[in-house]
Amino acid sequence: MNFVGLFNYWIVMILMMIGFYIVIAQGNLVKKLVGLTLFQTSVFIMYITMGKIEGATAPILSEGETLYSNPLPHVLILTAIVVGIATTALGLALVVRIKESYDTIEEDEINQKDQEC
Amino acid sequence: MELIINMALLSMLAMTAIAIVRIKDLFAVAMLAGIYGLISASFFVMLDAVDVAFTEASVGAGISTLLMLTTLAITGRFEKADKKSRTRFALPLVLLTGGLLIYGTLDMPSFGAADAPVQEHVAPRYLNDSEQEIGIPNVVTSVLASYRSFDTFGEVIVIFTAGIGVLALLMRSDLPPAKGSKSTASMHEHMVLRIVAKMLIPLILLFGLYVQFHGEYGPGGGFQAGVIFASAFFLYAMLYGMNAARRVIDSVVVQILAALGVLIYGTTGVISLLSGKNFLDYSVLSHDAVHAQHLGILFIELGVGLTVATVMIIIFFTFSGRNQVEGETD
């Protein structure tokens, strides 16, 4: 088995599963958003890993360089990061509103209050 | 050597992530998430993705940590312990999914392989032809702002929409401006921080402009420049209070500028439409094809930078404004 060649992908999967675990197992809404961020970053790492070529350099054309890494994943991920923070901010704004209406951001307490009504 | 650094950074990422799962103090979680962002930025540099690293360093290690902390100031610092019933189901599920995914990676091309399918699709065309067609050295910028400018337009609109969403959820127009919150009051004593910030802010703004306009030749561009530019305002607002920051740049002006960024981007596209070409076909902007590309990319990046910077400022101002209101009613 090619340990060195696949190590990056394994770490990606581990990070992704850690994010997944936080989202399904932990009840705090801020923590869940951190979990989603972990999940998201693992995908970023996977894309950038795929774009790398052994011995290549950054895709900025210059004299004397012939081998460049793949620029396309870089473009996709660069915009995804900024879109990611904008959507995370939207999520956090929702959390703030939930805190103001329910006075808690723990999922089970929110469910409990919903059932009492 | 590179491989060892690569593995070390990835292992550090995994350890940080495990620490995030286990820690119940959300303040520490936010700090760890910042560290996680910084490590992944270093990892991106290792893998030649300098533009991505730039963005991740300013977003992941900077702005997202700040937003997390601003939220925690409102929602409280500690989370409850995990419920046993949930972890009992979650753990096997996660292990099973992870096992399947890792089984799936066994077919993946080896790390760094030059003949992997992903390297043989459209990327060689970008690398070989962009010098003649677009005429700028940074291929990432050529792809972002010219070949795939339609995608980028969509992303800018998503960012703009998220900014509107945050405003809709958190803005309160019925309240008078607060007289300065507790957090900023305590900052008044930090003389060293305030003086250093005063020295740094012009440099940060200048660097933001450099990144904006040098993005065609080196790493950088509108997305990174916008985030860096906004961070100078964050620094000012944190140390001198929201009211001082609002005097520097009014909320209404910021909102108009955010819309203006999208408008500049869209107008560039509409100009090509009206001249009988495809949407965002820059060739109508000038007689010389390469010069037209330069102009087009300049406008696009300006629109992106303007929208990203102002949306980040809107998000931060709205969160902090909410925090002030909370502080008064408590």
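The table below lists the values:
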item	result
Search result, residues across the range B:212-241 that are aliphatic (A, V, I, L, M) and surrounded by 22 or more Cβ atoms within 10 Å (Cβ to Cβ)	B:A225, B:V227, B:I228, B:A230
All positions within the range B:186-227 that are of a type in the set (K, R) and in contact with a helix residue (DSSP H, G or I) (Cβ under 8 Å, 6 or more places away or on another chain)	B:R194
Qualifying positions in the range B:47-69 - at the interface with another protein chain (Cβ under 8 Å from one of its Cβ atoms) and hydroxyl-bearing (S, T, Y)	B:T55, B:S64
Residue in the range B:24-46 that is more than 30 Å from B:E216 (Cβ to Cβ), charged (D, E, K, R) and either more than 7 Å from chain A (Cβ to nearest Cβ) or touching a strand residue (DSSP E or B) at 6+ places or on another chain (Cβ under 8 Å) (or both) present	yes
Residue that is farthest from the other protein chains (Cβ to nearest Cβ) [pool: residues in the range A:82-117 that are of a type in the set (V, I, T) and over 22 Å from the mean Cα position of the chain (by Cα)]	A:I110
Matching option when the condition is part of a helix (DSSP H, G or I) and more than 20 Å from B:M12 (Cα to Cα), among A:I85, A:I18, A:I48, A:I22	A:I85
Scope the range A:51-79; condition farther than 21 Å from A:L6 by Cα, assigned to a loop (DSSP other than H, G, I, E, B) and either of a type in the set (A, V, I, L, M) or facing another protein chain (nearest Cβ under 7 Å) (or both); matching residues	A:A58, A:P59, A:L61, A:S62, A:L67
Residue pairs meeting the criteria (Cβ under 8 Å; at least 6 apart or on separate chains; first under 10 Å from A:K52 (Cα atoms), in the range B:109-133; second among the aromatic types (F, W, Y))	B:F111/A:F7; B:F111/A:Y9
Failed condition for B:A292, given (1) under 30 Å from B:L200 (Cβ atoms); (2) in a helix (DSSP H, G or I); (3) in contact with a helix residue (DSSP H, G or I) (Cβ under 6 Å, 6 or more places away or on another chain); (4) not basic (K, R)	(1)
Residues being crowded, with 23+ Cβ neighbours inside 10 Å, in a helix (DSSP H, G or I) and touching a residue at least 24 places away in the same chain (Cβ under 8 Å) - total across the range A:89-117	1
Criterion (under 15 Å from B:E301 (Cβ atoms) and among the hydroxyl-bearing types (S, T, Y)) met by exactly one of B:S110, B:S149	B:S149
Residue, nearest to the chain's Cα centre (by Cα), within the range B:121-173, restricted to residues that are basic (K, R) and more than 7 Å from every other protein chain (Cβ to nearest Cβ)	B:R172
Condition broken by B:L239, with the remaining ones in (1) closer than 28 Å to B:L167 by Cβ; (2) among the hydrophobic types (A, V, I, L, M, F, W, C); (3) at pLDDT 90 or above satisfied	(3)
Wholly within the range B:80-176, helices (runs of 4 or more DSSP H) carrying at least 2 residues that are under 22 Å from B:G221 (Cβ atoms)	B:123-133, B:139-142, B:149-170
Selection within the range B:49-81 - surrounded by fewer than 24 Cβ atoms within 10 Å (Cβ to Cβ) and in contact with a strand residue (DSSP E or B) (Cβ under 8 Å, 6 or more places away or on another chain)	B:V50, B:R77, B:F78, B:E79, B:K80
Residue within the range B:224-233 that is hydrophobic (A, V, I, L, M, F, W, C), without any contact (Cβ under 8 Å) to a residue 60 or more places away in the chain and under 30 Å from B:M191 (Cα atoms) present	yes
Extreme residue, nearest to the other protein chains (Cβ to nearest Cβ), among residues of the range A:1-46 that are touching a residue at least 40 places away in the same chain (Cβ under 8 Å) and of a type in the set (A, V, I, L, M)	A:V30
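Condition check ((1) outside any helix (DSSP H, G or I); (2) small (G, A, S); (3) within 25 Å of B:G154 (Cα to Cα)) across all residues:
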position: B:F229; (1), (2), (3): no, no, yes
position: B:F233; (1), (2), (3): no, no, no
position: B:A259; (1), (2), (3): no, yes, yes
position: B:Y265; (1), (2), (3): no, no, yes
position: B:I315; (1), (2), (3): no, no, yes
position: B:G321; (1), (2), (3): no, yes, no
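The values are calculated or read from the model by the stated rules, or taken from the named source; none is laboratory data. Treat the numbers as computed from the prediction; the structure is a model and nothing was measured. Note: ideal-geometry Cβ built from the backbone for every residue, glycine included; neighbour counts use all protein chains shown.
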